[in-house]
């Protein structure tokens, strides 16, 4: 595999919003700085938190080894989508990669991403996200089919290096020209600080991208691995249910934007093949007296019903109100430096 960075190098964008994740943020940056394929730059985009902006600015301004780290304020409305757009707008790389602020990347993460772009038709490459449970192990009732609830790769996604409809935003990369063709991440969908845990902004972008560029290829390479921390509060069934409901609301917004055919294409296979198989495995484990079998089967059923409820309500609201969200041109997003090196 070539060791050079393609098309002007890789910029890494990490969106941050709370000082509660201070150690996680530093660990994420450290994992980028030790990549076998060095990043061109790391952009820390702070989401409307002046104290965190100032603290990070001082942290990396005083670190002489951190000339490759820039600290920026989110130039758009509060939320993950606008933060990512801010990072894209000021980045210098031909490839832009995204890493969650509570995750660490394995050493060859960027190398595997970069290799995918040797094909000029490839517009996006995603990776595999492994959970790091706060309790030290997966809760026995928590089905692998629902690991997307905690922002991780879930059972049912294809393995290897394969073509997909969309990448998953916390561990993903895009060619810069993808944003020229399709615009940035839509605001009004996805995470917004501590509000309801919505998602799907990367799904909507990827569908919009393949409409703008029908020849575009989107890949997942499961050798590009990150490890994502799952705090104790997200190991509980209450969060599982809340996140599943929010996913249904988000999917309704995506379907409103891009149509149900594309917006739910992958979900139909997941719901009709992957989840029934998961229920069957859980019931088999219950019969064989294996721990958590009945709980996993029940959680899958509860997750499906809760997500479907969120989707139904979200669809009703979207039809009634004509709910929309905004897609910005990346050139319109401008960031303010937060005391870090320019």
Margin query: Among the numbered criteria (1) in contact with a strand residue (DSSP E or B) (Cβ under 6 Å, 6 or more places away or on another chain); (2) surrounded by fewer than 16 Cβ atoms within 10 Å (Cβ to Cβ), which one does residue 74 miss?
Written below: (2)
Check: Which residues, counting only those in the stretch 173-187, are farther than 14 Å from residue 81 by Cα and assigned to a strand (DSSP E or B)?
Finding: 173, 174, 175
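Here is a yes/no grid of residues against (1) more than 24 Å from the chain's Cα centre (by Cα); (2) at pLDDT 65 or above:
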site	(1), (2)
296	yes, yes
301	yes, yes
306	no, yes
310	no, yes
316	yes, yes
322	yes, no
330	no, yes
334	no, no
Item checked: Residue check for residue 223: touching a helix residue (DSSP H, G or I) at 6+ places or on another chain (Cβ under 7 Å), at pLDDT 95 or above and surrounded by fewer than 18 Cβ atoms within 10 Å (Cβ to Cβ) -> yes
Check: How many residues are touching a helix residue (DSSP H, G or I) at 6+ places or on another chain (Cβ under 6 Å) and either part of a loop (DSSP other than H, G, I, E, B) or free of Cβ contacts under 8 Å to residues at least 12 places away in the same chain (or both) if we restrict to the stretch 97-134?
Finding: 3
Next item on the list: Scan (1) assigned to a helix (DSSP H, G or I); (2) more than 23 Å from residue 205 (Cα to Cα); (3) without any contact (Cβ under 8 Å) to a residue 24 or more places away in the chain for the single condition residue 147 breaks and write down its number.
Entry: (2)
Notebook entry, point to check: Taking the stretch 205-237 on its own, how many of its residues are under 13 Å from the mean Cα position of the chain (by Cα), more than 30 Å from residue 141 (Cβ to Cβ) and touching a residue at least 60 places away in the same chain (Cβ under 8 Å)?
Noted result: 1
Next item on the list: Could you tell me which numbered condition residue 205 fails, if it satisfies all but one of (1) at pLDDT below 95; (2) part of a loop (DSSP other than H, G, I, E, B)?
Entry: (2)
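Can you tell me which residue within the stretch 19-37, out of those that are surrounded by fewer than 16 Cβ atoms within 10 Å (Cβ to Cβ) and touching a residue at least 60 places away in the same chain (Cβ under 8 Å), is nearest to residue 230 (Cα to Cα)?
30
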Notebook entry, point to check: What about residue 277, is it free of Cβ contacts under 8 Å to residues at least 12 places away in the same chain and over 18 Å from the mean Cα position of the chain (by Cα)?
Noted result: yes
Note to self: Quick check on the stretch 115-126. Is at least one of its residues touching a strand residue (DSSP E or B) at 6+ places or on another chain (Cβ under 7 Å) and closer than 30 Å to residue 245 by Cβ?
What the structure shows: yes
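Would you check if residue 93 is more than 24 Å from residue 231 (Cβ to Cβ), part of a loop (DSSP other than H, G, I, E, B) and at pLDDT 95 or above?
Numbers: more than 24 Å from residue 231 (Cβ to Cβ): yes; part of a loop (DSSP other than H, G, I, E, B): yes; at pLDDT 95 or above: yes.
The answer is yes for residue 93.
Kindly provide the set of residues from the stretch 280-293 that are without any contact (Cβ under 8 Å) to a residue 40 or more places away in the chain and not in a helix (DSSP H, G or I), ordered by number.
288, 289, 290
The values are calculated or read from the model by the stated rules, or taken from the named source; none is laboratory data. Predicted model only: the values in this text are computed from it and were never measured. Heads up, the Cβs are rebuilt from the backbone with ideal geometry, glycines too, and the neighbour counts pull from every protein chain shown.
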